[in-house]
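The values are calculated or read from the model by the stated rules, or taken from the named source; none is laboratory data. Since the model is a prediction, treat every value here as computed from it, not as a measurement. Note that each Cβ is placed from the backbone with ideal geometry, even for glycine, and that neighbours are counted across all protein chains shown.
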Amino acid sequence: MKKLLQTLLGTLVLGLGLANAGFTQEPVKIGMVTTLSTGGGYLGQDVRDGFLLAVEEEDGKLGGVPVEVLVEDDGRNPVNGRQIVKRFLDRDRISILTGVIFSNISPVVAPMALKDGIFYISPNSAPSTFAGKECHENYFVVSWQNDTLHEAAGMGATELGYKKALLLAPNYQAGKDALAGFKRFFKGEVIDEIYVKLGQNDYAAEIARIRAAKPEMVFQFLPGGMGINFLKQYSQAGLMKDSAMVVSGFSADIKILNAIGDAGSGIISTSQWNHDLDNAANQQFLLGFRSKFEREPTLYASQGYDTAKLIASALKATGGKVLEDKAGFREALKTAKFASVRGNFRFASNQHPIHDLYIREVVKKNGQMQNRILRKVATDHQDAYVQECGLR
Amino acid sequence: MILLIEQLLNGLQFGVFLFLVSAGLTLIFGIMGVINLAHGSLYMVGAYATAIGMQWTGSFWWGLLMALPAAAFTGWLVELVIIRQLYRRDHLDQVLATFGLILFLNELTTICFGRAPLFLSLPETLSISVEILPGLLYPLYRLLIIGTGLLLAFFLYLLISHTRAGMLLRAGTTHREMVEALGVNLTLLNTGLFVLGALLAGFAGALAGPLISVEVGMGENVLILCFVCIVIGGLGSIRGALFGALLIGMVDTLGRAFLASGLRLILPLDFADSIGAALSSMSVYLLMALVLIFRPQGILPVLGRVR
């Protein structure tokens, strides 16, 4: 009897839902699989908050079209990511997948989405394979290609006139990619490369090697806690004044600067966005983010916001049609008619950004450490893999 | 030459630091027969207490002072509630229970203080480098760690070899039933011992705070190396732990310092770098494997052990 009642009730609700669809537009479902826990959790939190800020600005709509954002935490674990995306596709029937932070997740979940025929729009992770040989018409990246900010560090170091650099990274793929990206644009001499163990805490031995090698600058890519430890010890050893520290934006976001305090003073870092970029979209973003969350946004938050604004522009162009008009939605995404918080933004043929890159310096202002733009190092930069992509 | 001396000092400092954590671990295993995986969590408690204390008072020294009661109290509570139930149980049960404790304490720390690492800055007077030899600048704080660590090792030696409590501890390691039969309150002795181990771990955590980021899970990184130290030194032996820790500190540091550049002399550059990095992170485990093959009881095992 109870079972029967439940079924009846279910049918009724379903019927109502169908009837309703005629009157109000069904919301476009956007699945966000991101990393909210673990040490890298603040990246996903900022992407999510930036994204939801844009949705909130329009009272639950993007481009005038109602949207429903489903947020799930992958815990930086590809297995979790796969399960979440499977549920998104089978049960929730999402039209757009976004949110992925780390590059161990994206190679697992992006093909699932693409195979299912929905759109994949990355706010962060962008491994080289998807920028080159395996690029796809429904795969878009709003942030950067993974190498971009490392490449910018190479350009920045060259522009600042450094001749002798020492490089430091963990002994794994992303670490080696980072150093390769730096070297691609650095014109000076690399006097030594030091590889450390992933997860290493104490860098006394490496710091002694750096002191002995006397480089003009050090470029390092040590993610998360590793970078914080290294910067603290580097600064304690008094090396900051002898050998400048040049890093990619990931190693000097506002969260890390708060953690290392005064030790961060003088660090040069690269980014496609900074809070002091003077454009209307950025002003609006900063105002909204600060008043809603009472903290400073990281570059990840800006990427989440940009992702939402890109989707908004495409939804507006197609009147809310995504899977019903794939070609139209795709074209609308490709034209990228939205005001990015980073200023200039358009897509290259591999659907990765063409944008400007900056170098920044860490300064103390009103008792808070923050990044200040020094200068632009690249205009209309695009990644190194675009030629390998078959899309035109 | 200067570089070599500096790296030797780095190795010594790392070794001394490892000793502070390993000493408690080896005592607790040797005397109480408990494998305490949660020892790293006590180290984390020390570091957090220092960071929080420093935020409250603004002084590193007060923070350091707060680490000791915090770690001791946590140690006492853990012994009372959990470890005490495990003395007569199988090692597997102990591993399960203390592993659960790691998860619990990590989650509790996350709930209380969040996932963002805490920042501990050194007082101005300590954040300088001193010239100990012409041309050799060395951070004063690291020298201080070496000094305090060696001093503590000496005190532990005095405590264990020349006091009544130490005598009971030594007797407890080798002839547990006999000590009990003579009417010594082993429960009290065990609690005291556990708290001593917790104090040492907490102190090590407090010392490490300004060097590394104070974050959830920091204990597990150290714990693994400390197990290597006490296995190499001989389970239950303080001398062994000191020897093992210094050896590991040296091997790890010198490996990281010179292996890659040494290999470059005989191998192509790219190859030498990745082989060097891989070998130096393996070196301590290779060493442990060698010790286990040729001297499974450890290099300086407890003498006269019957169990």
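Overview of values
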| read-out | value |
| --- | --- |
| All helices (runs of 4 or more DSSP H) inside segment A:1-102 with 2 or more residues being modelled with pLDDT of 90 or more | A:41-57, A:78-87 |
| Selection from segment B:251-280 of residues that are within 11 Å of chain A (Cβ to nearest Cβ), under 21 Å from B:Glu6 (Cβ atoms) and crowded, with 18+ Cβ neighbours inside 10 Å | B:Asp252, B:Thr253, B:Leu254, B:Gly255, B:Arg256, B:Ala257, B:Leu259, B:Ala260, B:Gly276, B:Ala277, B:Ser280 |
| Residue within segment B:282-295 that is outside any loop (DSSP other than H, G, I, E, B), within 14 Å of another protein chain (Cβ to nearest Cβ) and touching an Asp or Glu at 6+ places or on another chain (Cβ under 6 Å) present | yes |
| Residues being in contact (Cβ under 8 Å) with a residue 60 or more places away in the chain and either of a type in the set (Gly, Ala, Ser) or more than 10 Å from chain B (Cβ to nearest Cβ) (or both) - total across segment A:234-256 | 9 |
| Lone unmet requirement of (1) farther than 22 Å from B:Thr191 by Cα; (2) touching a residue at least 40 places away in the same chain (Cβ under 8 Å) for B:Gly114 | (2) |
| Answer from A:Ile101, A:Ile96, A:Ile105 - the residue that is under 30 Å from A:Ala169 (Cβ atoms), touching a strand residue (DSSP E or B) at 6+ places or on another chain (Cβ under 6 Å) and buried (at least 19 other Cβ atoms within 10 Å of the Cβ) | A:Ile101 |
| Answer residue from segment B:212-227, given it is over 22 Å from A:Gly261 (Cβ atoms) and touching a Leu at 6+ places or on another chain (Cβ under 8 Å) and is farthest from the other protein chains (Cβ to nearest Cβ) among those | B:Phe227 |
| A:Gln233 vs. criteria of a type in the set (S, T, N, Q), within 26 Å of B:Leu207 (Cα to Cα) and modelled with pLDDT under 90 | yes |
| Close pairs (6 angstrom Cβ cut-off, 6 or more residues apart or separate chains): more than 7 Å from chain B (Cβ to nearest Cβ) in segment A:191-202, in a strand (DSSP E or B) and among the charged types (D, E, K, R) anywhere | A:Ile191/A:Lys164 |
| Qualifying residue in segment B:193-209 (condition: within 14 Å of chain A (Cβ to nearest Cβ), at pLDDT 85 or above and in a loop (DSSP other than H, G, I, E, B)) | yes |
| Residues that are in a helix (DSSP H, G or I) and crowded, with 24+ Cβ neighbours inside 10 Å, drawn from segment B:210-222 | B:Met218, B:Gly219, B:Val222 |
| Residue match in segment A:294-307 (condition: in contact with a Gly (Cβ under 6 Å, 6 or more places away or on another chain), away from chain B (no Cβ under 14 Å), surrounded by 24 or more Cβ atoms within 10 Å (Cβ to Cβ) and more than 30 Å from A:Val67 (Cβ to Cβ)) | no |
| Number of positions in segment A:338-392 that are basic (Lys, Arg) and under 17 Å from the mean Cα position of the chain (by Cα) | 2 |
| In segment A:312-343, the residues that are assigned to a loop (DSSP other than H, G, I, E, B) and either free of Cβ contacts under 8 Å to residues at least 24 places away in the same chain or not assigned by TED's automatic domain parsing to the domain that holds A:Val47 (or both) | A:Lys321, A:Glu324, A:Asp325 |
| Among residues of segment B:102-118, those that are within 8 Å of another protein chain (Cβ to nearest Cβ) and more than 15 Å from A:Gly39 (Cβ to Cβ), counted | 0 |
| Boolean, A:Ile207 is within 14 Å of chain B (Cβ to nearest Cβ), under 14 Å from A:Leu239 (Cα atoms) and β-branched (Val, Ile, Thr) | yes |
| Selection count, segment B:280-294, where residues are more than 17 Å from B:Leu242 (Cβ to Cβ), modelled with pLDDT of 85 or more and not aromatic (Phe, Trp, Tyr) | 7 |
| Qualifying helices (runs of 4 or more DSSP H) (wholly inside segment A:211-311; at least 1 residues being hydroxyl-bearing (Ser, Thr, Tyr) and in the same structural domain as A:Gly99 (by TED's automatic domain parsing)) | A:280-293 |
| Residue match in segment B:143-154 (condition: surrounded by fewer than 17 Cβ atoms within 10 Å (Cβ to Cβ), more than 23 Å from the chain's Cα centre (by Cα) and either part of a helix (DSSP H, G or I) or not acidic (Asp, Glu) (or both)) | no |
| Members of segment A:109-129 found to be modelled with pLDDT of 95 or more, farther than 20 Å from A:Ala327 by Cα and assigned to a helix (DSSP H, G or I), listed by number | A:Val109 |
| Top-ranked residue of segment B:131-142 - restricted to ones that are free of Cβ contacts under 8 Å to residues at least 40 places away in the same chain and within 11 Å of chain A (Cβ to nearest Cβ), ranked as farthest from the chain's Cα centre (by Cα) | B:Leu137 |
| Residue match in segment A:293-307 (condition: over 14 Å from A:Val47 (Cα atoms) and out of contact with any Phe, Trp or Tyr (no Cβ under 9 Å at 6 or more places or on another chain)) | yes |
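Conditions (1) among the charged types (D, E, K, R); (2) more than 20 Å from the chain's Cα centre (by Cα); (3) farther than 24 Å from A:Lys232 by Cα, marked per residue:
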site	(1), (2), (3)
B:Val214	no, no, no
B:Met218	no, no, no
B:Ile230	no, no, yes
B:Ala241	no, no, yes
B:Thr253	no, no, no
B:Val284	no, no, yes
B:Leu290	no, yes, yes
